[in-house]
Number of protein chains: 2
Amino acid sequence: MNFLALKSPYLIVVGDETDPIFVKTGIGLAKWRPDDCAGQLRFNSSAVDLGLPDLDVRAAASLGVRSVIIGAAPIGGALSEPWLGTLVEAASLGMDVVSGLHQRLASHQRLRVAAEVSGAALVDVRVPPDELPVASGRRRTGMRLLTVGTDCAVGKKYTALQLETDMRSAGFAADFRASGQTGIMIAGRGVPLDAVVSDFLSGAAELLSPDNEPGHWDIIEGQGGIFHPAYAPVSFGLLVGSQPDAFVVCHAAGRSALSGWPQHDVPDLQSVIDRTVELGRPHNPGIRCVGISINSASLTRREAAAWMERLGDEYGLPCVDPLMDGTRPIVERISAEFGYARACSRPCDGRRDVV
Amino acid sequence: MNFLALKSPYLIVVGDETDPIFVKTGIGLAKWRPDDCAGQLRFNSSAVDLGLPDLDVRAAASLGVRSVIIGAAPIGGALSEPWLGTLVEAASLGMDVVSGLHQRLASHQRLRVAAEVSGAALVDVRVPPDELPVASGRRRTGMRLLTVGTDCAVGKKYTALQLETDMRSAGFAADFRASGQTGIMIAGRGVPLDAVVSDFLSGAAELLSPDNEPGHWDIIEGQGGIFHPAYAPVSFGLLVGSQPDAFVVCHAAGRSALSGWPQHDVPDLQSVIDRTVELGRPHNPGIRCVGISINSASLTRREAAAWMERLGDEYGLPCVDPLMDGTRPIVERISAEFGYARACSRPCDGRRDVV
């Protein structure tokens, strides 16, 4: 379900968003699908720069762009009015419009009409599958790793993507499981958990990582943060339904207050680890933390290296910045703790169409 | 938002449901709104008996019934096909059809057409308000009590309704806040939390109990159970957004496995109390348990009295069956712990239209 087959190349619309935290979708696509990204559209030069050529809608059309993707994700997920003209123009020229926002593209009448006239598709990535099940609570076969975080936008998705890459390199059968709109765009499939009706949240998480072979690992993209005043329930539902054997805790260096909730402190790593173990244990008694993943962008390389070494010693866990160092120390820890690398006779057979 | 003004009298459809646990809506309406209930419609005599006159649709119409209410809530919330004929007949005769199920009534074409022709309304109680906010995490004024449970269908709603009654009698300003479809039908307002998109779950819970006067108590209907394999995320979101000062833990005597999840044990009271305090504390450091509410229907009165006395001693908390004894011992505990009964100069000013 929620199979995506976005038509490349893409134009990523950044608009006037100046805070990279709210351009997760654009930055993620530019990083993990660079060959599919033809350019970016920014309303002015102070908007976030994805490092792609600046194009307007007409230039993109003449270059053969086939999908215009909303690259920014404002709090609450509503599509602000100034963007609409850009998207209507794109749809009028026959390019698909792709959105990860809560509000459906077709709810904007001008856009719906433009797409109907030109035949362009309006693709809402954040629409969950119909007929989601209520969670069964049944233990499933195969192994699961969940990335959790001290806050939103700390690297849970990147950590999971890098773990998939590094685990496959190490001979594991491993598949990234996308739980958010950007991850779904990158992976081409997944379930947008934060858009699921609450009664079906754990059921959707169960669906995201179905039964699998004993040596196979699902690497599940985490959401929110277990202490977050708004998104903790989503984190909790994903934890309950994922029943992970292992988790990696992700943190952004230098962040002291929750992003967008300045009155709320970022919880410390130990609290997040302890609560994740406590809440996950009824659903998988063996749950354990196997690593710390740091987004160290705010530090110099030298500061980051020293700090991560200290953290690793303090917690007795491998500690990496996945974008700088990869995640091999965490993969080695998984191998040492669970020993499945050797037990699994063949490398991953690629993306199975289970979700 | 979600103001309801159901047209009485009602016909409650029980259908062929034989398990009272799945007839919560019908039983709740018959108990708390008896004067509005003209009768029940059962497909056969083994279906649950609400103690109302048995009527078919035509008889109900001739008696002046104005709303036909779906009284049963199957797991997953889908409307089973055999019911449809009954509802179509009711709509054809001009009676409103009222549903607390997830699936919208108008999605059934025969029903939609029948209602359009006759002018009957199709009322979906489980449709959350549009434009729900993301939670702010801000502490609100006024006091809040949340009912929590060891499982679904253990008496969280009845406990809250009885607490409202008894607190008002004791001079508190107190308002029941409905978070589920039956509670909303009884109260005439509320937010159906389990139907809210996950990202807005805590925000919806914040909306349900807005700022209020210092001595005022919101008595919030709990949902699910914090250890439940499917519904724990809803319970958690309600806890986070309600930021309760006090909670009452509800339990059904004699139930050892979760209703509908026979492989899962009902958690013990102490675990539920401890986890509720732990998860609620970041959002209200003063959170505490003020009572135990037992559904003792499975015991004799004598067994129940002895067991509840033991439980009360063991936990150092007032322990009542709200339907047998009312909740006065819990109200006294609230008064002793928080002292607001005297501080509040006037009794409740009735239902304020805040939600």
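The values are calculated or read from the model by the stated rules, or taken from the named source; none is laboratory data. Just so we're clear, the structure is a prediction, and the values are computed from it rather than from any experiment. A quick note on method: Cβ atoms are made from the backbone with ideal geometry, for glycine too, and the neighbour counts reach across all protein chains shown. Note: accessible area is taken over every heavy atom of the protein model, side chains too, but ligands, DNA and RNA are not part of it. Shrake-Rupley method; radii C 1.70, N 1.55, O 1.52, S 1.80 Å.
The figures follow:
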quantity: Residue satisfying all of: in the range A:293-323; more than 18 Å from A:Arg255 (Cβ to Cβ) and touching a Gly at 6+ places or on another chain (Cβ under 8 Å); nearest to the other protein chains (Cβ to nearest Cβ) among these; calculated: A:Leu317
quantity: Among the residues listed as B:Val272, B:Val290, the single one being assigned to a helix (DSSP H, G or I) and more than 9 Å from chain A (Cβ to nearest Cβ); calculated: B:Val272
quantity: So A:Glu278, is it of a type outside the set (S, T, N, Q), within 14 Å of another protein chain (Cβ to nearest Cβ), closer than 30 Å to B:Ala230 by Cβ and more than 23 Å from the chain's Cα centre (by Cα); calculated: yes
quantity: Which listed residue is at pLDDT 95 or above, farther than 24 Å from A:Ser209 by Cβ and among the aliphatic types (A, V, I, L, M), from A:Val266, A:Val272; calculated: A:Val266
quantity: Residue count for the range A:129-151, restricted to those that are of a type in the set (S, T, N, Q) and surrounded by fewer than 19 Cβ atoms within 10 Å (Cβ to Cβ); calculated: 2
quantity: Failed item, numbered, when A:Cys250 is tested on (1) over 27 Å from A:Asp130 (Cβ atoms); (2) open to solvent by 10 Å² or more (accessible area, probe 1.4 Å); calculated: (2)
quantity: Residue in the range B:152-161 that is assigned to a loop (DSSP other than H, G, I, E, B), in contact with a helix residue (DSSP H, G or I) (Cβ under 7 Å, 6 or more places away or on another chain) and open to solvent by less than 30 Å² (accessible area, probe 1.4 Å) present; calculated: yes
quantity: Residues that are within 10 Å of B:Leu11 (Cβ to Cβ), part of a loop (DSSP other than H, G, I, E, B) and touching a residue at least 24 places away in the same chain (Cβ under 8 Å), drawn from the range B:22-73; calculated: B:Leu52, B:Leu55, B:Leu63, B:Val65, B:Arg66, B:Gly71
quantity: Conditions (1) within 14 Å of chain A (Cβ to nearest Cβ); (2) outside any helix (DSSP H, G or I); (3) over 14 Å from the mean Cα position of the chain (by Cα); (4) touching a residue at least 60 places away in the same chain (Cβ under 8 Å): number failed by B:Glu131; calculated: (4)
quantity: Cβ-Cβ under 6 Å pairs, at least 6 apart or on other chains, the range A:184-201 side within 11 Å of another protein chain (Cβ to nearest Cβ), far side charged (D, E, K, R) and outside any helix (DSSP H, G or I); calculated: A:Pro192/A:Arg126; A:Ala195/A:Arg126
quantity: Out of B:Gly71, B:Gly15, B:Gly85, B:Gly51, sole residue that is over 30 Å from A:Val197 (Cα atoms) and of a type in the set (Gly, Ala, Ser); calculated: B:Gly51
quantity: Output for the range A:316-335, where each listed residue is out of contact with any helix residue (DSSP H, G or I) (no Cβ under 7 Å at 6 or more places or on another chain), at pLDDT 95 or above and at negative phi; calculated: A:Leu317, A:Pro329, A:Glu332, A:Arg333, A:Ile334
quantity: Tally of residues being away from chain B (no Cβ under 12 Å) and among the acidic types (Asp, Glu) across the range A:243-269; calculated: 2
quantity: Residue list for the range B:32-84, filter: open to solvent by 40 Å² or more (accessible area, probe 1.4 Å), of a type outside the set (A, V, I, L, M, F, W, C) and within 14 Å of chain A (Cβ to nearest Cβ); calculated: B:Pro74
quantity: Among the candidates A:Ser259, A:Ser209, residue that is polar (S, T, N, Q) and farther than 21 Å from B:Val240 by Cβ; calculated: A:Ser209
quantity: The range B:209-247, residues that are farther than 22 Å from B:Ser271 by Cβ, surrounded by 24 or more Cβ atoms within 10 Å (Cβ to Cβ) and not β-branched (Val, Ile, Thr); calculated: B:Ser209, B:Trp217, B:Asp218, B:Gly241
quantity: Residue match in the range A:169-182 (condition: more than 24 Å from B:Glu206 (Cβ to Cβ), within 13 Å of chain B (Cβ to nearest Cβ) and surrounded by fewer than 24 Cβ atoms within 10 Å (Cβ to Cβ)); calculated: no
quantity: Residue in the range A:112-122 that is among the β-branched types (Val, Ile, Thr), out of contact with any Gly (no Cβ under 8 Å at 6 or more places or on another chain) and not in a loop (DSSP other than H, G, I, E, B) present; calculated: yes
quantity: Residue in the range A:13-31 that is farthest from A:Leu84 (Cα to Cα), counting only those that are at pLDDT below 90 and surrounded by 20 or more Cβ atoms within 10 Å (Cβ to Cβ); calculated: A:Lys24
quantity: Residue count, the range A:87-135 (criterion: hydroxyl-bearing (Ser, Thr, Tyr) and modelled with pLDDT of 95 or more); calculated: 2
